[in-house]
Structure formats: C-alpha cells, structure tokens
2 protein chains.
Amino acid sequence: MAQLLRASTWGLFPWRSYCSQKAKGGVCVNLMQMDQILELNLEDFSVVVEPGVTRKALNTHLRDSGLWFPVDPGADASLCGMAATAASGTNAVRYGTMRENVLNLEVVLPDGRLLHTAGPGRHFRKSAAGYNLTGLFVGSEGTLGLITATTLRLHPAPEATVAATCAFPSVQAAVDSTVHILQAAVPVARIEFLDEVMMDACNRYSKLNCSVAPTLFLEFHGSQQALEEQLQRTEEIVQQNGASDFSWAKEAEERSQLWAARHNAWYAALALRPGCKGYSTDVCVPISRLPEIVVQTKEDLNASGLKGSIVGHVGDGNFHCILLVNPDDAEELGRVKAFAEQLGRRALALHGTCTGEHGIGLGKRQLLQEEVGAVGVETMRQLKAVLDPRGLMNPGKVL
Amino acid sequence: MAQLLRASTWGLFPWRSYCSQKAKGGVCVNLMQMDQILELNLEDFSVVVEPGVTRKALNTHLRDSGLWFPVDPGADASLCGMAATAASGTNAVRYGTMRENVLNLEVVLPDGRLLHTAGPGRHFRKSAAGYNLTGLFVGSEGTLGLITATTLRLHPAPEATVAATCAFPSVQAAVDSTVHILQAAVPVARIEFLDEVMMDACNRYSKLNCSVAPTLFLEFHGSQQALEEQLQRTEEIVQQNGASDFSWAKEAEERSQLWAARHNAWYAALALRPGCKGYSTDVCVPISRLPEIVVQTKEDLNASGLKGSIVGHVGDGNFHCILLVNPDDAEELGRVKAFAEQLGRRALALHGTCTGEHGIGLGKRQLLQEEVGAVGVETMRQLKAVLDPRGLMNPGKVL
C-alpha cells in the first residue's frame with residue numbers, strides 16, 4: 001500500500017484504495033524509511049534501491065555519474081512503487097516503461113519467504129533462465145508480495161537536450177505527425193499531446209504563452225549534431241502536417257518551465273474548476289486508432305456536460321482525460337464514472353487497453369475481464385491463488 | 001517441441017531434447033504448416049504471425065514496408081519458437097530481445113483452452129492491466145502451453161547501415177571499448193566479440209582476411225548523417241583502446257559477407273576439427289565482469305586440453321564458448337560438460353546467468369536452482385503446477 005500511495009498521485013486511485021483498505025480493516029505497511037541506494041554499478045548501468053528511494057532522489061544521486069534513470073511518471077514516486085504499478089510516463093516512447101527497466105526485485109512473499117525474482121544479487125542485461133518472475137511481479141499492484149528492493153537499468157545521460165512545442169489545426173494532424181516521426185525513426189525522447197482545453201489551462205496555471213490549440217510537446221536527447229538532425233526532420237514532418245507556432249527551447253531553464261507545465265497539467269486542470277477533484281482516465285490504443293478515439297472522446301465530453309481536458313503520451317497511444325468532479329455531487333460522480341467506463345470500452349473495441357499505466361486497482365476490475373477475456377482472468381486468478389492462497393496481499397485489488 | 005526444434009539450432013540442445021522426449025514416449029506437435037502472417041498493422045508497428053513463419057520470411061514480407069523485425073539469433077528460426085525460448089542474438093543491444101518485442105501471444109493451454117496473453121486481438125504498445133501473462137509465457141520453453149500465434153513489435157527499417165571490424169591487442173581492450181561505446185550513448189545496433197581462435201576459424205571458413213586477434217564486429221543503423229557521427233565517435237573510442245586494422249564496410253555486399261561470416265561462426269568452429277560436434281555454452285554476466293570471465297575461460301580452455309573458440313554478444317555481456325567434441329568419446333564429452341558447468345558456476349559467482357539466450361532445457365536445471373535460489377525455483381514450480389497440473393507440456397524441461 002505504501003508503495004501504491006507513493007506511486008499513485010494520479011486520479012482518485014490512492015484515495016479509493018485507502019478507503020477500501022480501511023473498510024476491510026487491513027494493514028498498511030509503510031516502507032518509506034527503507035530509503036537506501038544499496039548498490040550502484042556504473043559500468044554495468046544498474047542500481048539497487050529500497051522502497052523509500054524516489055525517482056528524483058535517485059537522479060540527484062546519479063547527477064555526476066553520466067547516467068540517469070529515465071522513467072518519469074511526473075510525480076516524484078517511489079521507484080519500488082513504480083515497479084509495483086508498472087509506471088511509465090513521458091519518456092517511455094524512447095526508454096520504455098518499468099517493464100523494460102526493472103532487472104530484479106526483492107519481494108517478501110505472503111508467507112514471509114524472501115524471493116529474488118532473478119536470483120540474489122543478479123543484475124545482468126538479459127537471461128533465458130526459467131520463468132520471468134521479474135516480469136510477473138512488475139505491475140502486480142502489491143497483490144503478490146511486498147517489494148523491498150528493485151534493481152534498475154540505468155541509461156547514459158543525454159549529452160544535450162532540446163524541447164519543442166508546436167500547435168496543430170486538428171487532433172488528427174498532431175497524431176499523424178507523431179506516427180510520421182516514429183516511422184522516420186527519429187529517436188524522440190518525449191512526445192506529449194495536449195488538447196486545446198489543456199493548453200488553455202496550462203497557459204493560465206503555468207504562465208505559458210502557447211496557442212490554444214491541439215499541441216505537441218516534444219523532447220530530443222543526443223549529441224549536438226544528432227539533435228540538429230532530429231530537429232530538422234521533425235520540423236519538416238510537423239510542417240507537412242500544418243503545424244504552426246513551432247518553437248524550440250534549448251536552454252535548460254526554458255525546458256524546465258515547459259516540462260514543469262506538462263507535469264503540472266493535473267493541477268492546471270483542477271484550477272479550471274476550483275473546489276473540484278480530478279478523475280483521470282488512462283486508455284491506450286494502437287496509435288493508428290488514436291485520432292478517432294480522441295475526437296470521439298471530445299464529442300462525448302461536450303455531450304455529457306462534464307468539464308475535462310486531454311493530455312497524453314501520444315507516442316505510446318496512451319492518453320488521459322482529466323475530468324473535474326464535485327466530490328459532494330453523487331450524480332455528477334456517477335456521470336464521471338459512466339463516462340470513464342464508456343471510454344474504457346471504446347478503447348477495448350479499438351484493440352486497446354483500459355489502462356496504459358495507472359493499473360486496475362478496484363475501479364477497472366470489470367474492464368480487465370472484458371479486456372483479457374475469461375481465460376485470461378482465470379489464468380491471473382490461478383496465479384494469485386497459488387502465490388497468495390490466503391488473499392493477504394492488497395486484497396480485493398485487480399482481480 | 002516443434003517450436004523448440006526450429007528455434008534451437010545451437011549446440012546439442014535439440015538433440016538432447018529429442019532423445020529425452022523419445023525415451024518418455026511423448027508427443028511432438030509440428031506447427032510448421034501454420035505459416036500465415038495473420039495481420040500486419042503498419043501504422044501501429046505490429047504484426048501477428050503463426051508458428052510456421054520464420055524470421056527471414058517475415059522480413060521478406062516486410063521488405064517494401066519501411067519496417068522490419070530486428071531480433072536475430074542467426075538461424076532462420078520460427079518467430080513463435082523464438083518467443084517460446086526468449087531468443088535474442090546480435091541486434092539485442094539496440095532493439096532488445098524477444099522479451100521486449102512480443103506484444104501478445106495466442107496459447108493453447110494444457111487443458112485445451114485458448115489464452116490470449118494480452119487479450120484477444122490486442123496490440124498496444126504498453127499496458128498496466130493485470131498480471132503480465134505475455135512476459136510469463138515468453139521464455140517458458142514450451143512448458144506452459146503451445147504458442148499458436150505471436151504479435152510482434154516492428155521497428156522502422158534503418159535508412160542506412162554501416163558495418164565495421166576492428167582488432168584489439170587484448171580481450172580487455174575489446175571489452176573496455178564496448179563499455180565506452182555504450183557509455184557514450186552511441187546507439188550501436190550490433191557489437192560482437194570474436195576471440196583469436198574464432199577469427200582464425202572465420203578467416204578460413206568464410207574467406208575473410210581479418211587479423212587473428214580479439215576482434216569486434218560492429219553495425220550501426222541510422223541516417224547517413226547520424227552514421228557519420230556514430231562512426232567517428234566509435235573510431236575515437238576504439239583507437240584510444242589500442243585497436244588496429246579498423247575497417248568499415250558500407251556496401252551491402254561487403255556487410256553481408258561479414259555478417260554471414262559471423263552467423264557461420266558455428267560452422268567455422270566445427271570445421272576446425274572435422275567429424276566433431278559442437279557444444280555451446282551461453283553465460284551472460286554484468287558487462288564489467290566480462291573481461292575477467294573471458295580471460296579466465298581461455299585459460300581454463302588451454303588447461304583442459306579441449307578445443308574451443310569464443311564468440312559473443314558483448315554489448316549484453318553474453319558470450320558463447322563453442323567446444324568441439326568427438327561424440328563417440330564419452331570421456332571427452334564428460335570433460336566438455338564439466339567445463340560448461342564450471343563456466344556456468346563462474347558466471348553465477350559474478351552475478352551473471354547460466355543462460356543468456358539458449359534456455360535451461362534439460363542440461364541447466366541444476367544451474368537454474370543455483371542461479372535463482374530455492375525460493376525462486378519453488379515459485380517457478382508453483383506456477384508450472386498450477387498452469388500444467390498434469391505435467392503434459394514439454395515434461396521434464398526447465399524445472
């Protein structure tokens with residue numbers, strides 16, 4: 001639970017989890033004081049961290065090493081919590097999610113035994129030794145055991161970084177640009193979509209001065225020379241797709257402002273309707289289906305009378321609709337939940353998933369069944385039953 | 001079994017598997033005639049293939065699409081077999097192994113039910129929906145079910161490609177160069193090590209004219225401009241490490257000759273001692289430990305009186321010692337097996353794995369226990385028991 005609380009600053013997830021836990025009289029285990037970086041292997045590009053070590057704390061520790069850990073869900077989450085929830089975020093399009101960046105886990109199993117998913121002390125790049133236990137525990141949302149240490153893969157820190165924004169005449173044009181950039185093998189580090197409502201909110205909240213239009217925020221990592229080429233190719237592609245207000249931010253301060261604005265999108269959205277809470281959807285679809293689902297979602301939003309904005313990791317096909325809800329208005333909360341469920345089903349109909357990175361928790365258990373089918377859910381239940389036969393770990397979640 | 005036979009052209013693995021299967025009176029299911037490419041989603045960078053589709057057949061099909069599938073174990077293996085065995089090979093340093101490139105699997109479970117590990121028809125880039133069943137079945141070596149279709153992630157075909165070779169004064173210098181190239185974030189596509197015995201064998205077998213010395217074979221993918229920079233950086237690094245006989249191969253024919261030689265290393269090694277069979281080891285260690293284990297392995301080889309050469313995916317820390325053995329000489333076969341086991345234990349002592357990509361099969365079951373520990377093996381056994389309670393699938397393998 002502690003892991004989930006640290007890693008889950010999105011939406012109502014921690015609040016819902018916490019309420020359910022309380023209602024059932026469960027125990028929360030707080031691992032935040034286990035906050036040591038246990039081992040750093042610079043030549044091997046790996047590090048072992050305890051649950052209290054956050055993403056920012058690790059990157060501060062790595063500052064002068066030439067390496068960094070790129071998975072960035074926005075919040076300064078616990079890295080073990082990020083492993084438990086298969087977190088991803090803005091850099092996943094280039095560096096992968098936690099699934100690709102966890103090399104080993106130390107897990108306390110429900111019966112108290114200590115499991116090292118890849119074997120004690122191991123931190124190789126690849127292996128074909130038996131079942132992929134690491135992969136099974138990443139994203140298991142605390143339902144199979146308590147993660148007490150995580151071995152992570154590190155990456156070389158980029159020599160140089162450039163960020164950019166560009167505005168588009170339509171959602172379709174922004175997403176088409178994304179597909180073309182990926183097809184051209186431009187190794188873009190971040191490619192984030194914000195709809196015009198979200199841009200307007202970010203302009204107000206973070207004092208930006210961007211066009212109020214469907215917008216891409218991009219970031220490129222590489223050598224100076226490689227960046228020049230990436231920028232040039234990207235500029236050609238977005239201009240072919242009708243982009244305007246194209247601007248680069250090469251200075252660290254300007255870039256920081258831009259990504260702070262992106263990371264504060266949640267709070268910017270909340271500020272659109274003071275006193276309200278946010279409720280975030282999290283579908284992910286094959287990228288070719290992204291324009292239609294975003295356009296349809298915007299139409300549904302207008303029809304529903306709900307207030308919401310859209311922001312997303314468009315390079316992965318994953319986007320969030322941040323809905324604003326008065327927590328004292330049960331009728332409105334019902335409409336928000338119905339909207340989110342309808343959006344989840346729409347993503348499933350387009351061969352997508354109901355959750356790209358936030359997880360199932362309590363709220364998406366029905367959608368999980370529709371997503372993976374009866375045999376998939378039965379298989380997951382078999383795994384849960386054999387690894388946690390008494391149902392002790394994060395009970396009621398996921399399945 | 002059919003999958004394993006197609007995917008496992010290394011070493012004695014298929015032979016041993018087959019003998020064991022025969023002795024137990026099992027059934028082999030041949031899926032080679034299921035050879036359709038079921039679905040190609042160019043915009044989504046994904047494809048669905050049946051078990052009879054091989055790596056080369058898929059890439060031939062993709063030839064004019066601008067996309068390709070990069071995982072390349074050398075042999076023209078079945079892609080579903082490659083999923084079953086978590087294959088990797090020469091491109092893994094840049095594009096990952098099968099673990100990172102399988103998006104979904106269709107699996108016939110032991111009781112005949114059909115499982116879609118990510119849900120029927122789904123081919124998204126990422127998901128946090130429940131347990132990672134895809135990850136569990138990739139590399140399960142046919143012990144949990146029969147894979148009848150695999151959804152793969154495709155990559156943009158590189159605009160241009162350059163290969164290179166360079167000779168080094170020592171193993172240490174070759175591996176140091178590898179670490180420095182990775183640290184400099186040069187996105188090298190292939191970086192392969194061949195010791196002087198292997199180089200000599202390749203010179204003879206594939207009519208190359210390379211120095212008989214520890215050698216790196218490299219390949220770079222990118223735009224013309226990006227390649228120039230990658231080449232320049234790499235050249236600086238290898239020269240700082242004392243490389244000589246540095247040569248680039250930009251023409252397709254010259255490159256093909258080089259990689260054909262690398263892929264034929266197995267046969268080149270066999271030709272060193274006509275009439276013998278090959279036995280391949282497969283350890284993988286943290287890259288910082290690679291020089292010491294390679295140097296020690298060469299000393300052990302000399303001391304053992306066995307004939308063997310070394311070739312490896314040095315960017316992943318994975319190398320193969322190809323030992324030549326007279327199959328009619330039981331004493332020599334015993335020495336070969338003892339050597340391989342000792343090498344496996346040496347890798348384990350250096351925080352490595354006994355198998356980077358060939359799998360456990362029958363021969364490495366004891367080493368698997370030492371690698372993942374008692375709790376790890378018990379957990380794997382629990383998974384096997386719950387998913388295949390009657391022990392029908394590839395019995396006796398892995399656990």
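The values are calculated or read from the model by the stated rules, or taken from the named source; none is laboratory data. All of these numbers come straight from a predicted model, not from anything done at the bench. A quick note on method: Cβ atoms are made from the backbone with ideal geometry, for glycine too, and the neighbour counts reach across all protein chains shown. Accessible surface is based on the protein model in full, side chains and every heavy atom, while ligands, DNA and RNA are left aside. Shrake-Rupley method; radii C 1.70, N 1.55, O 1.52, S 1.80 Å.
Can you pull out the residues in region B:322-341 that are out of contact with any helix residue (DSSP H, G or I) (no Cβ under 6 Å at 6 or more places or on another chain) and either assigned to a strand (DSSP E or B) or of a type in the set (A, V, I, L, M, F, W, C) (or both)?
The answer is B:LEU324, B:ALA330, B:LEU333, B:VAL336, B:ALA338, B:ALA340.
Looking at (1) over 24 Å from A:ASP76 (Cα atoms); (2) surrounded by 18 or more Cβ atoms within 10 Å (Cβ to Cβ), can you tell me which one A:ASP328 breaks?
Looking at each condition in turn, A:ASP328 falls short on (2).
Would you check if there is a residue in region B:149-163 being more than 26 Å from B:LEU62 (Cβ to Cβ) and either of a type in the set (S, T, N, Q) or facing another protein chain (nearest Cβ under 10 Å) (or both)?
Step one: list which residues in region B:149-163 are more than 26 Å from B:LEU62 (Cβ to Cβ), which gives none.
No, region B:149-163 contains no residue that is more than 26 Å from B:LEU62 (Cβ to Cβ) and either of a type in the set (S, T, N, Q) or facing another protein chain (nearest Cβ under 10 Å) (or both).
Is it the case, given these coordinates, that B:TRP15 is surrounded by fewer than 23 Cβ atoms within 10 Å (Cβ to Cβ), modelled with pLDDT of 95 or more and out of contact with any Gly (no Cβ under 9 Å at 6 or more places or on another chain)?
no
When the residues of region A:382-394 are narrowed to those that are open to solvent by 40 Å² or more (accessible area, probe 1.4 Å) and over 19 Å from B:ARG381 (Cβ atoms), which ends up nearest to the other protein chains (Cβ to nearest Cβ)? Let's see the steps before the verdict.
Filtering region A:382-394 down to residues open to solvent by 40 Å² or more (accessible area, probe 1.4 Å) leaves A:382, A:385, A:389-390, A:392.
Retained after the next criterion (residues that are over 19 Å from B:ARG381 (Cβ atoms)): A:390, A:392.
Numbers: A:ARG390: 14, A:LEU392: 16 Å.
So the residue we want is A:ARG390.
Hey, among B:HIS351, B:HIS358, which residue is closer than 24 Å to B:MET199 by Cα, at the interface with chain A (Cβ under 9 Å from one of its Cβ atoms), open to solvent by 10 Å² or more (accessible area, probe 1.4 Å) and not acidic (Asp, Glu)?
Details: B:HIS351 fails: closer than 24 Å to B:MET199 by Cα.
It is B:HIS358.
Consider B:GLN240 against the criteria (1) modelled with pLDDT under 95; (2) surrounded by fewer than 18 Cβ atoms within 10 Å (Cβ to Cβ); (3) not charged (D, E, K, R): it satisfies all of them except one. Which criterion is unmet?
Every condition holds for B:GLN240 apart from (1).
I'd like to know if region A:362-380 contains one or more residues that are at the interface with chain B (Cβ under 7 Å from one of its Cβ atoms), under 22 Å from the mean Cα position of the chain (by Cα) and of a type outside the set (A, V, I, L, M, F, W, C). Write out each step before concluding.
Our first condition is that a residue be at the interface with chain B (Cβ under 7 Å from one of its Cβ atoms); within region A:362-380, this holds for A:368, A:371-373, A:375-376, A:379-380.
Within this subset, residues satisfying the condition of being under 22 Å from the mean Cα position of the chain (by Cα) are A:368, A:371-372.
Among the residues that remain, those that are also of a type outside the set (A, V, I, L, M, F, W, C) are: A:371.
Yes.
With region A:201-300 as the region, which helices (runs of 4 or more DSSP H) entirely inside it contain at least 1 residues that are within 14 Å of chain B (Cβ to nearest Cβ) and without any contact (Cβ under 8 Å) to a residue 24 or more places away in the chain? I'd like the intermediate steps shown before the answer.
Details: elements: A:224-240, A:252-263, A:265-270.
Answer list for region A:201-300: A:224-240.
Considering only residues that are open to solvent by 10 Å² or more (accessible area, probe 1.4 Å) and part of a loop (DSSP other than H, G, I, E, B), which ones fall in region A:361-376?
A:LEU362, A:GLY363, A:LYS364
Condition (residue is touching a His at 6+ places or on another chain (Cβ under 7 Å) and either within 14 Å of another protein chain (Cβ to nearest Cβ) or open to solvent by 10 Å² or more (accessible area, probe 1.4 Å) (or both)) applied to region B:176-197: is it met by at least one residue? I'd like the intermediate steps shown before the answer.
At the first step, the residues of region B:176-197 found to be touching a His at 6+ places or on another chain (Cβ under 7 Å) are B:189, B:192.
With the extra rule that they be either within 14 Å of another protein chain (Cβ to nearest Cβ) or open to solvent by 10 Å² or more (accessible area, probe 1.4 Å) (or both), the set shrinks to B:189.
There is at least one residue in region B:176-197 that is touching a His at 6+ places or on another chain (Cβ under 7 Å) and either within 14 Å of another protein chain (Cβ to nearest Cβ) or open to solvent by 10 Å² or more (accessible area, probe 1.4 Å) (or both).
Please specify each residue of region B:76-102 satisfying the condition of being facing chain A (nearest Cβ under 10 Å), under 19 Å from B:ASP44 (Cα atoms), of a type outside the set (Gly, Ala, Ser) and open to solvent by 10 Å² or more (accessible area, probe 1.4 Å).
The first filter runs over region B:76-102 and keeps only residues facing chain A (nearest Cβ under 10 Å), leaving B:85-88, B:92-93, B:96-100.
Adding the requirement that they be under 19 Å from B:ASP44 (Cα atoms) leaves B:96, B:98-100.
In the following step, the residues that additionally are of a type outside the set (Gly, Ala, Ser) were identified as B:98-100.
Those that are facing chain A (nearest Cβ under 10 Å), under 19 Å from B:ASP44 (Cα atoms), of a type outside the set (Gly, Ala, Ser) and open to solvent by 10 Å² or more (accessible area, probe 1.4 Å): B:ARG99, B:GLU100.
Out of region B:145-160, which residues are assigned to a strand (DSSP E or B) and aliphatic (A, V, I, L, M)? Let's see the steps before the verdict.
Going residue by residue through region B:145-160, those that are assigned to a strand (DSSP E or B) are B:146-153, B:155-156, B:160.
Of everything in region B:145-160, those that are assigned to a strand (DSSP E or B) and aliphatic (A, V, I, L, M) turn out to be B:LEU146, B:ILE147, B:ALA149, B:LEU152, B:ALA160.
For B:ALA163, only one of the following conditions fails: (1) open to solvent by less than 30 Å² (accessible area, probe 1.4 Å); (2) in a loop (DSSP other than H, G, I, E, B). What is its number?
All conditions pass for B:ALA163, except number (2).
Just need a number here: residues in region B:123-148 that are open to solvent by less than 10 Å² (accessible area, probe 1.4 Å), touching a residue at least 60 places away in the same chain (Cβ under 8 Å) and more than 7 Å from every other protein chain (Cβ to nearest Cβ).
Result for region B:123-148: 5.
Is it true that A:SER309 is in the same structural domain as A:GLU192 (by the TED database), in contact with a helix residue (DSSP H, G or I) (Cβ under 8 Å, 6 or more places away or on another chain), assigned to a helix (DSSP H, G or I) and among the small types (Gly, Ala, Ser)?
Values: in the same structural domain as A:GLU192 (by the TED database): yes; in contact with a helix residue (DSSP H, G or I) (Cβ under 8 Å, 6 or more places away or on another chain): yes; assigned to a helix (DSSP H, G or I): no; among the small types (Gly, Ala, Ser): yes.
Considered against the rule, which asks whether it is in the same structural domain as A:GLU192 (by the TED database), in contact with a helix residue (DSSP H, G or I) (Cβ under 8 Å, 6 or more places away or on another chain), assigned to a helix (DSSP H, G or I) and among the small types (Gly, Ala, Ser), A:SER309 comes out as no.
If B:GLY308 satisfies every condition in (1) more than 14 Å from every other protein chain (Cβ to nearest Cβ); (2) surrounded by fewer than 24 Cβ atoms within 10 Å (Cβ to Cβ) but one, which is the exception?
Just one mismatch for B:GLY308, condition (2).
Given the criteria at pLDDT 95 or above and either away from every other protein chain (no Cβ under 14 Å) or under 30 Å from B:ASP195 (Cβ atoms) (or both), does B:GLU341 qualify?
Details: at pLDDT 95 or above: yes; either away from every other protein chain (no Cβ under 14 Å) or under 30 Å from B:ASP195 (Cβ atoms) (or both): yes.
Against the criterion (at pLDDT 95 or above and either away from every other protein chain (no Cβ under 14 Å) or under 30 Å from B:ASP195 (Cβ atoms) (or both)), B:GLU341 qualifies.
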